[in-house]
Amino acid sequence: MKDAERWDAELEEKASPAPLLQSWAWGEVQSHAGWRIERVSLPGGAMASVQVRSVALAREAYVPRGPVPATADAVDELIVWARGAEMARIVIEPEAPADLADRLTERGFAPIAQTQPQHTRIIPLGPPEELLKSFRHGRRYNIRAGLRRGVVVREGKDAAELERQSAAVEQRESIHLPNRRYYDLLLEHLPWCRTYVAFKPDTDEALATVLVARHAGRAYSLFAGRSGKHPELMGNDVAWWHAISSAAEASCRDFDLWGVPPPNSAPNHPWQGLGFFKAEFGGHELSYVGAWERILSAAGARLIALERKSRTYVRGLKRNIS
């Protein structure tokens, strides 16, 4: 058995579903995006695909959706590993419920801003006809209207179109999304990753794009964008429907909508509209413990923080210039 197959098989023994962001292929994506990947088998049997980055002599470790399983004992062993590897800082975002927070605080971790969605919505999948009936009335109406009006969706690997659609979202929402190179990495290195692009009838004018990955029986809508043009065609609804129904037809167990506002968030929350849109697909909300940081070297962590602040400043300048 190859290393990648062995890693993923062991991961599936320890978690159901096994987290996409702890898979071998996700590590390959990140290795091409500038991280060094260390796949760690901890003494008690837990696993962690660790993304490592160096800033001068300081090193930081990031563990998305890990360790697996996400237990207090596994975190203890991960800290021991990080000290031995001379990390200045380690950040973890486990797939664990909020009650792990007390255990993390006891171990010297502090909560920080999330990188991955802390709150999401999971749709159980089934036969597409029954699935569509389970959606709320407004979403069903929009999907059926878009189909009647002739919107066409093409499945493929169109990173360029996703970048164009994402740029429109960035302008409207004042958020930062990846560039085409990162989308290309996902489409190239993840075993199953596709784009779903909705087009205006009888034209090549794209209306919306959704990027979906599938792993261990779960589909994930990692990125999406829409131009905002021709809203009467419901292109965004139809693109999402094709992404979800295709996963159902491929026998995926469920679909992770990848990010919603926190439960009971205020009406002015920046994700409120997104949360309403996704809620109309049904399913249930799921919350994780969030992102947590442990400082192992104060001097090294300060150096890393300065470098990150500089990168954020430069990125902001580029956005203002463009």
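A few comments on the model shown:
- Net charge of Cβ neighbours under 14 Å - reference P69; Lys, Arg +1; Asp, Glu -1: -4
- Value at 222 nm in deg cm²/dmol, rounded to 500, when DSSP H runs of n ≥ 4 in the chain each add -39,500 (n - 2.57): -12500 deg cm²/dmol
- Cross-link reach list, lysines versus K229, counting only Cα pairs under 21 Å and skipping chain neighbours closer than eight places: K200, K278
- Degrees, to the nearest 10: 235-249 long Cα axis against longest axis of the chain: 70 degrees
- Building the convex hull from the alpha-carbon atoms of segment 205-322 and averaging its projection over directions returns 11.5 nm².
- Within a Gaussian network of the chain (alpha carbon springs, distance under 10 Å), most fluctuating of T209, T105, T195: T105
- Solvent-accessible surface of the chain, averaged per residue with a 1.4 angstrom probe and all protein chains in place: 48 square angstrom.
- Charged neighbours of R103, selected by a Cβ distance under 11 Å, balance to -4 (K, R count +1; D, E count -1).
- Segment 85-143: radius of gyration and largest Cα-Cα distance (Dmax), Å: 19.2, 56
- Where only alpha carbons of segment 21-124 are counted, the Rg and the Dmax (Å): 13.6, 46
- Near the amide H of R218, within less than 5 Å, lie the amide hydrogens of R253, all on another chain or at least 5 residues away, with H placed in the peptide plane.
- Carbon/sulfur fraction of accessible area - the chain, other protein chains in place, 1.4 Å, %: 51 percent
- Whole-number percent relative contact order across the chain, with pairs defined as alpha carbons under 8 Å at least 6 apart: 24 percent
- Across all directions, the shadow cast by the convex hull of the chain built on its C-alpha atoms averages 17.4 square nanometres.
- Each Lys or Arg adds one and each Asp or Glu takes one away; over the other residues whose Cβ falls under 13 Å from the Cβ of L286, this sums to 0.
- In segment 88-193, the chymotrypsin sites (Phe, Trp or Tyr not before Pro) that fall in loop regions by DSSP, at most 16 other Cβ within 10 Å: W192
- For segment 43-100 versus segment 248-300, the gap between their alpha-carbon centres in whole angstrom: 21 Å
- Across the chain, the longest piece that holds none of the trypsin sites (Lys or Arg not before Pro) lying in DSSP loops with up to 16 other C-beta atoms within 10 Å covers 3-106.
The values are calculated or read from the model by the stated rules, or taken from the named source; none is laboratory data. Nothing here was measured: the structure is a model prediction, and the numbers come from that model. Here the Cβ is made from the backbone with ideal geometry for all residues, glycine too, and neighbour counts use every protein chain on show. Side chains included, ligands, DNA and RNA excluded: accessible areas come from the protein's heavy atoms. Shrake-Rupley method; radii C 1.70, N 1.55, O 1.52, S 1.80 Å.
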